[in-house]
Amino acid sequence: MHASFARQMIWTLLLIAGASLALYATFATVQYSWNWKSAWTYRHQLAWGWLTTMLISLGAMVVSVIVGFGLMTCRRSPTLPIRLLSSGVVELLRGSPLLVQLLIGYYIVATALRLNEPLIVGTMLLGCFEGAYLAEIFRGAVESIGASQREAARAVGFNKVQMYRHVIIPQAVRRALPGTTGQLVSLIKDSSLLSVIGIEELVQKVRILNSSSYTALEGYLPLAAAYLIVTLPLSWYAGRLERRFAYET
């Protein structure tokens, strides 16, 4: 398993390197004038934007997992009004664009509540949006556990809490990991939309660089590398967790 994943990472890096070389050769053919001096001048601003993106993403990940687990629990509640309310929230968040939710959430809801911290508000809105998707991933993982597993847990004397702790959750975590990893990677990329509420994260810093120095690729190539620095290790760690929770069914 370790060797297989290592080979996958190597092939991914080789593919990225090959695509970068092909892109560079293409623009060299059309005599594109590279200007890396401007990108180097703005390196501190780009680094600050990258740290802001990572801070937002980390906070939104925590919020999304909490929101996702809460909505999943409510959707499985025996109380009908709670199920209907949570289902409505999930469908509302999944059925509307994140950009619209950011604009309404910050300029209308947050303004009405006198919350003037775009970083906090943006993190919460992004976490809630991604949490709606995680709720469905978690619910599908839990409901995929067969009824025979639950009956066996009751047969050995487990109560509901013990059944979820020792039987349902360990199996559901393994089944939810691939989908959860993909959603968290999507969360990191979706953080670029927070610039619409005034947050100068990495993408916004790159736009400032490009507009001030009249460059394009000198900003976007480091931007792609900065996202890969985060998403590739996240996928690698998720693969380790999958192997850790592997078991014979």
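The values are calculated or read from the model by the stated rules, or taken from the named source; none is laboratory data. Values in this document were obtained by computation on a predicted structure and should not be read as measured data. Cβ sites come from the backbone with ideal geometry, for glycine too, and all protein chains shown count toward neighbours.
Could you list all residues from the range 75-89 that are assigned to a loop (DSSP other than H, G, I, E, B) and free of Cβ contacts under 8 Å to residues at least 24 places away in the same chain? Walk me through it before giving the result.
The initial filter retains those residues of the range 75-89 that are assigned to a loop (DSSP other than H, G, I, E, B), namely 76-79.
Correct list: S77, P78, T79.
The set of residues in the range 92-124 being more than 25 Å from Q183 (Cβ to Cβ) and of a type in the set (S, T, Y) consists of Y107, T111. Taken over the range 111-120, the residue count meeting the criterion of being more than 23 Å from the chain's Cα centre (by Cα) and under 22 Å from S192 (Cα atoms) is 3. Taking L15, is it surrounded by 13 or more Cβ atoms within 10 Å (Cβ to Cβ), in a helix (DSSP H, G or I), at pLDDT 65 or above and not hydroxyl-bearing (S, T, Y)? The answer is no for L15.
Out of E130, E91, E117, one residue alone is among the acidic types (D, E) and over 19 Å from S57 (Cα atoms). It is E91. Only residues that are closer than 25 Å to G179 by Cα and of a type in the set (K, R) were counted in the range 138-168, giving 3. The residues of the range 93-110 that are closer than 20 Å to A135 by Cβ and surrounded by 15 or more Cβ atoms within 10 Å (Cβ to Cβ), listed by number, are L93, L98, Q101, L102, G105. Pairs linking a residue in the range 183-204 that is of a type in the set (A, V, I, L, M, F, W, C) to a residue that is not in a helix (DSSP H, G or I), with Cβ atoms under 8 Å and 6 or more positions apart or on different chains, are L194/E201.
Scanning the range 211-223 for residues that are surrounded by fewer than 16 Cβ atoms within 10 Å (Cβ to Cβ) and assigned to a helix (DSSP H, G or I) yields a total of 3.
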